[in-house]
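All remarks here apply to the structure that follows.
The values are calculated or read from the model by the stated rules, or taken from the named source; none is laboratory data. Here the structure is a predicted model, which means the values were calculated and not measured. So basically every Cβ, Gly included, is an ideal-geometry build from the backbone, and we count neighbours across all protein chains shown. Heavy atoms of the whole protein, side chains included, go into the accessibility calculation; ligands, DNA and RNA do not. Shrake-Rupley method; radii C 1.70, N 1.55, O 1.52, S 1.80 Å.
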Amino acid sequence: MDHVSKLALGSIGIGVLVLALKYAAFALTGSIALYSDALESIVNVAAACAAFIAVRYSAKPADRNHPYGHHKAEYLAAVVEGVLIVLAAVSVFYEAWQAFEVPRAIDAPWQGLGLNAVASVLNGIWAVVLIRAGRARRSPALRADGRHLMTDVFSSIGVAAGIILAIYTGWLILDPLLAGFVALNILWSGWVLVKESVSGLMDEAPAAEILDRIRAQISEAGEGALEAHDLRTRQAGRITFIDFHLVVPGDLTVSAAHAICDNIEAALQADIKGSVITIHVEPEEKAKHSGVIVL
């Protein structure tokens, strides 16, 4: 099992522990705001399971039916997570409305807040681990999971502050109002995840900073060539697909042109981890005098 899969599996364990703590906090207090927090943890567990399955599947090598690999499976997991988040928000809205019509007293608030605080600390630590690992290993599923957990942390802080305010003011209406705000936050988180994941499924280009690095490597490593044009890139999970046309002098041998391509590929793969490169070699009369000029 690779490191990304181990992290995805760890998310399931952390999610179950946090869910148990948050549900205990809700059971102690009867707070709808804490219920909304616990419900989001159920979504976290379901999303972590989806991420684990997707990460394992995306790591499978290319086969006859999937010659470009299975990397987009991670985007599908992130879409599933976004949909689950939206469903959780709808459930919270419903419970908040019920409590708004008939406000309920909060029982044993300090014990419940203490349990919720422990759960939030665990979530915060794990969220940082997942976000850093997701960026380092270019895993959309891990990044999505980490960002979702961090959203959960901020929601929990807002819920705790509101419940404390409700305790000291006696305004029971604050409890369902807080739950409603948490639901809005959950809904926004789900929308962002779905939007980003759909962009990945639609073969969105990498960030501008990565494109600049690609052009720089082609320019510096392509000694002997004249220019590179028609550069196209797309991101598929942890893989960056790069293809372009490389113009070389007309009298250059096939062997020499191949050697230039090897140099460019090696430079790109060293800088852009997980890159897959396709280079189409053309003679100098095909030059467009645009794109990347080789130094």
### Query
If you check ASN185 against the conditions, is it open to solvent by 10 Å² or more (accessible area, probe 1.4 Å), under 26 Å from ALA54 (Cβ atoms) and among the polar types (S, T, N, Q)?
yes
#### Entry: Qualifying position, being farther than 30 Å from LEU76 by Cα and assigned to a strand (DSSP E or B), among HIS258, HIS245
HIS245
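It is to be established whether one or more residues within segment 158-170 are of a type outside the set (Val, Ile, Thr) and outside any helix (DSSP H, G or I).
If we filter segment 158-170 for residues that are of a type outside the set (Val, Ile, Thr), which is where we start, we get 158, 160-162, 165-166, 168, 170.
Then drop every residue that is not outside any helix (DSSP H, G or I), which leaves 170.
The answer is yes, given that some residue of segment 158-170 is of a type outside the set (Val, Ile, Thr) and outside any helix (DSSP H, G or I).
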### Task
Could you list, in sequence order, all residues of segment 43-88 that are of a type outside the set (Gly, Ala, Ser) and in contact with a Lys or Arg (Cβ under 9 Å, 6 or more places away or on another chain)?
HIS66, HIS70, HIS71, GLU74
### Task
Name every residue in segment 204-242 that is assigned to a strand (DSSP E or B), touching a residue at least 40 places away in the same chain (Cβ under 8 Å) and over 20 Å from the mean Cα position of the chain (by Cα), in order of residue number.
GLU223, ALA225, GLU227, ALA228, HIS229, ASP230, LEU231
### Leading residue by the ranking (nearest to the chain's Cα centre (by Cα)) among those in segment 25-46 that are of a type in the set (Val, Ile, Thr), open to solvent by less than 40 Å² (accessible area, probe 1.4 Å) and modelled with pLDDT under 80
VAL43
### Summary
VAL55: passes all of (1) over 20 Å from LEU7 (Cβ atoms); (2) in contact with an Asp or Glu (Cβ under 8 Å, 6 or more places away or on another chain) but (1)
## Note on the structure
In segment 239-262, anything surrounded by 16 or more Cβ atoms within 10 Å (Cβ to Cβ) and in contact with a Pro (Cβ under 8 Å, 6 or more places away or on another chain) is listed as THR240, VAL247, VAL248
### Scope segment 47-74; condition open to solvent by 20 Å² or more (accessible area, probe 1.4 Å), modelled with pLDDT under 75 and in a helix (DSSP H, G or I); matching residues
ALA50
### Task
Give just the number: which of (1) surrounded by fewer than 17 Cβ atoms within 10 Å (Cβ to Cβ); (2) modelled with pLDDT of 80 or more; (3) in contact with a helix residue (DSSP H, G or I) (Cβ under 7 Å, 6 or more places away or on another chain); (4) among the charged types (D, E, K, R) does LYS22 not satisfy?
(1)
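So that you can scan it fast, the table gives a plain yes or no per residue for (1) among the basic types (Lys, Arg); (2) in contact with a helix residue (DSSP H, G or I) (Cβ under 9 Å, 6 or more places away or on another chain); (3) surrounded by 22 or more Cβ atoms within 10 Å (Cβ to Cβ):
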site: VAL86; (1), (2), (3): no, yes, no
site: VAL92; (1), (2), (3): no, yes, yes
site: GLU101; (1), (2), (3): no, yes, no
site: TRP110; (1), (2), (3): no, yes, no
site: LEU122; (1), (2), (3): no, yes, no
site: ARG135; (1), (2), (3): yes, yes, no
site: ALA144; (1), (2), (3): no, yes, yes
site: MET150; (1), (2), (3): no, yes, no
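Yes/no per residue for (1) closer than 29 Å to ILE272 by Cα; (2) surrounded by fewer than 15 Cβ atoms within 10 Å (Cβ to Cβ):
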site	(1), (2)
LEU174	no, no
ALA179	no, no
GLU209	yes, yes
ASP212	yes, yes
ALA225	yes, no
